[in-house]
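J.: Can you keep this structure in mind? I'll have questions shortly.
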Amino acid sequence: MYSHGYSLKVETNSTEEYVIRLPVPHDRSEMMPDDFLSELEVTMGVAELSLGTYDNETYLEIRSSASLNLEWERTIPDSMNERYGNLTLTTGAEGWSSHDQCYSWVYSSRIDIEMTFYYSSIHHYNVTPWWASGGGPTFRFWGHPLQSGWQQTLVDYGWLVID
């Protein structure tokens, strides 16, 4: 099975509206998950969520005026052959052979907020009935934005290995 997890935490001490634009998961055909937007759950705070495009790539737009948390989780059976192992607006995350630094384009209308972003796409399977294996990419950045407008953000990119 493929387990996907997408989460964002935004902290602010202001009630002024802000706009954030973030990468979204996609598969090898650069298609994002069906119903991604409708399945996103705001677990703390209130936000307006929508999709847009920047440089021909899809992003998630978040409008809010308070601290918030949001999450998306999806588990897909191996038989469906669907995996969302990368992010839009992201370079340097091309799998096991990639040793480059990973960057994502993000947007913020204000610099006095702090974001913590995490995404993973982990493949779980049994080698035997008692031995699990698998793994997949993880993406994380925090403490941003550093400026207002579009900016390229260094991503802590790696692979989680289940052995």
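Readers should treat all values here as calculations from the given coordinates under stated rules, not as data from a laboratory. These numbers were taken from a predicted model, which means no experiment stands behind them. Here the Cβ positions follow ideal geometry from the backbone for every residue, glycine too, while neighbour counts run over all protein chains shown.
J.: What is the P(r) of the chain, as percent of Cα-Cα pairs per 10 Å bin from 0?
T.: 10, 39, 34, 13, 3, 0
J.: Hey, any idea what Rg/Rh is for the stretch 1-57, computing Rh the Kirkwood way over Cα pairs? If you can, show how the numbers build up before the last one.
T.: Values: Rg = 13.5 Å, Rh = 13.8 Å.
Computed over Cα atoms, the ratio is 0.98.
J.: Still on this model: May I ask you to list the GluC sites (Glu not before Pro) in the stretch 76-163 that are in a DSSP loop and have at most 16 other Cβ atoms within 10 Å of their Cβ? Numbers along the way, then the final one.
T.: Values: sites: 82, 94, 114; in loops: 82, 94.
Loop-located and lightly packed - 82, 94.
J.: Let me ask another. Count neighbours as other Cβ atoms within 10 Å of each site's Cβ, and list the trypsin sites (Lys or Arg not before Pro) in the stretch 1-53 that are DSSP loop with at most 15 such neighbours. Could you put the intermediate results ahead of the total?
T.: Numbers: sites: 9, 21, 28; in loops: 28.
Here the sparse-neighbourhood loop sites are 28.
J.: What is the local net charge at residue 53, summed over the other residues whose Cβ is closer than 15 Å to its Cβ (Lys, Arg +1; Asp, Glu -1)? Working shown, then result.
T.: On the way: positive: 21; negative: 30, 55, 57, 61.
Taking every other residue near residue 53 into account, the sum is -3.
J.: Could you rank the peptides 58-64, 145-151 by their average count of other C-beta atoms within 10 Å per residue, with the highest value first?
T.: On the way: 58-64: 20.0, 145-151: 13.6.
Most protected by this proxy first, the peptides run 58-64, 145-151.
J.: Any idea what the dipole of the chain comes to, in debye rounded to 20, about its Cα centre with Lys/Arg Cβ at +1 and Asp/Glu Cβ at -1?
T.: Values: 8 positive and 23 negative charges, 46 e Å.
Using only the charged Cβ atoms, the result is roughly 220 debye.
J.: Along the charge dipole of the chain, which of 29, 153, 13 sits closest to the positive end, that is, farthest toward it, with unit charges on the beta carbon of Lys, Arg, Asp and Glu (+1, +1, -1, -1)?
T.: Positive-end residue among those listed: 153.
J.: Continuing with this model, one more query. Run the helix sum for the chain: -39,500 (n - 2.57) per DSSP H stretch of 4+ residues, divided by residue count, reported at 222 nm to the nearest 500 deg cm²/dmol.
T.: Numbers: 1 runs with 4 residues, N = 163.
Helix contribution divided over all residues of the chain: -500 deg cm²/dmol.
J.: Next up: Is the shape of the stretch 44-114 best called rounded, prolate or oblate, per the rule: a/c under 1.5 gives rounded, else a/b larger than b/c gives prolate, else oblate, with a ≥ b ≥ c the square roots of the Cα gyration tensor eigenvalues? Could you put the intermediate results ahead of the total?
T.: Details: a/c = 2.11, a/b = 1.38, b/c = 1.53.
Taking the square roots of the gyration eigenvalues as a ≥ b ≥ c, the stretch 44-114 is oblate.
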